[in-house]
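One structure below.
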Amino acid sequence: MARKNWKGVKLYHYTSFPVLQGILDRGELWLCNVKVMNDKQEMFHYMSLVENSVCEGLEPDKCGEVHRLFANQLDRLENQPVYAASFSRLEDDAAQWERYASHGQGISIKFNAHLLKKIAEGRARLQPVYYTRDAKASKHTALIRDYIMTGEVDRAAWGSIDGVFENCWAASSAYKHISFKSEKEVRLVSLPFSPRYFLGEPQYEMEEWGLREYYILNLKRNQEIPVERLIKEVMIGPRANVTADTVERYIRSLNPEYEKIKVTQSDCPLR
């Protein structure tokens with residue numbers, strides 16, 4: 001369930017210097033396919049939790065029916081990825097620098113969460129990530145279990161069992177394995193199943209590790225919220241070979257109004 005009030009919340013996007021250029025110069029925030037992010041169980045973790053919770057306490061034949069239902073639905077849905085940009089609630093965090101900011105050689109961009117949500121309205125949603133070991137209390141577990149027991153679903157609300165699974169699949173991007181809990185992640189997530197309609201055509205970037213597929217959220221589209229209000233600070237990573245005054249001059253060369261964006265150096269003693 002998405003948080004409704006983000007006022008006063010700051011989010012930190014740990015990334016590389018080229019991404020900083022794309023955000024400040026072109027106003028582009030990339031939403032990438034979550035299935036190629038750092039969790040190899042991405043999207044499938046929550047689905048597996050729901051499947052196990054539905055099965056709990058059922059007779060073997062019913063449990064077999066559950067497994068067949070999930071297999072068929074996942075076969076239908078797995079090529080419908082969700083796209084997201086990742087943020088953390090953690091400021092100047094060693095693990096974030098190491099994992100997501102070019103091993104500490106990159107930067108961290110501090111965003112005003114409330115304004116980010118407003119800019120993304122109608123195109124993407126700002127969503128906290130939940131870390132859990134089971135889905136016993138999930139509405140999806142209850143709905144699918146009822147369907148297994150009765151063969152029926154509320155057609156006015158869901159249309160069919162396909163509708164329940166589509167909602168479950170869309171929600172799965174908000175759940176990760178409990179071992180990632182320390183990251184305190186928040187995601188800006190594409191609206192499900194039709195990102196082209198909301199964000200335009202997909203883009204592709206060849207990387208050393210492979211091919212990146214992404215959608216662009218235009219941060220400059222809302223003229224009432226200039227970038228210098230959205231971005232509060234740029235922090236230079238602990239291993240970056242650049243000085244704060246150099247970054248300041250670069251940022252101001254892009255737009256004189258960007259002088260309002262504070263530039264700082266990380267205090268993290270990462271070696």
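The values are calculated or read from the model by the stated rules, or taken from the named source; none is laboratory data. What you see is a predicted model, and the numbers here were worked out from it, not measured in a lab. Counting neighbours? That spans all protein chains shown, and the Cβs are built from the backbone with ideal geometry, glycine included. Ligands, DNA and RNA are excluded from the accessible area calculation, which covers all protein heavy atoms including side chains. Shrake-Rupley method; radii C 1.70, N 1.55, O 1.52, S 1.80 Å.
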Å² of accessible area per residue within region 1-108, as computed with a 1.4 Å probe and no ligands counted: 48
Computed over region 48-124, Cα set: Rg, Dmax in Å: 20.2, 55
Taking Cα atoms, how many degrees apart are the long axis of helix 161-171 and the longest axis of the chain, rounded to 10 and kept between 0 and 90? 30
Relative to the longest principal axis of the chain, what angle (0 to 90°, nearest 10) does the C-alpha long axis of helix 60-77 take? 40
How about region 143-211: which GluC sites (Glu not before Pro) there are in a DSSP loop, with at most 10 other Cβ atoms within 10 Å of their Cβ? E152, E208
Solvent-accessible surface (1.4 angstrom probe) belonging to W158, in square angstrom, nearest 10: 60
How high is the relative contact order of the chain, given as a whole-number percent (alpha carbon pairs under 8 Å, six or more residues apart)? 30
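Looking at this model, which pairs from K62/K176; K117/K260; K7/K262; K184/K232; K220/K262 are more than 23 angstrom apart at the alpha-carbon?
On the way: K62/K176 27 Å; K117/K260 21 Å; K7/K262 20 Å; K184/K232 20 Å; K220/K262 19 Å.
K62/K176, as the Cα separations exceed 23 Å there.
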Per residue accessible area in Å² of region 129-271, where ligands, DNA and RNA are left out and the probe is 1.4 Å: 57
Charge sum, other residues only, whose C-beta stays under 9 Å from K184's C-beta, Lys/Arg counted +1 and Asp/Glu -1: -1
Can you tell which of D61, D93, D25 shows the greatest fluctuation in a Gaussian network model of the chain with Cα springs below 10 Å? D61
May I ask you to give the percent of accessible area on the chain that is carbon plus sulfur, with a probe radius of 1.4 Å? 48
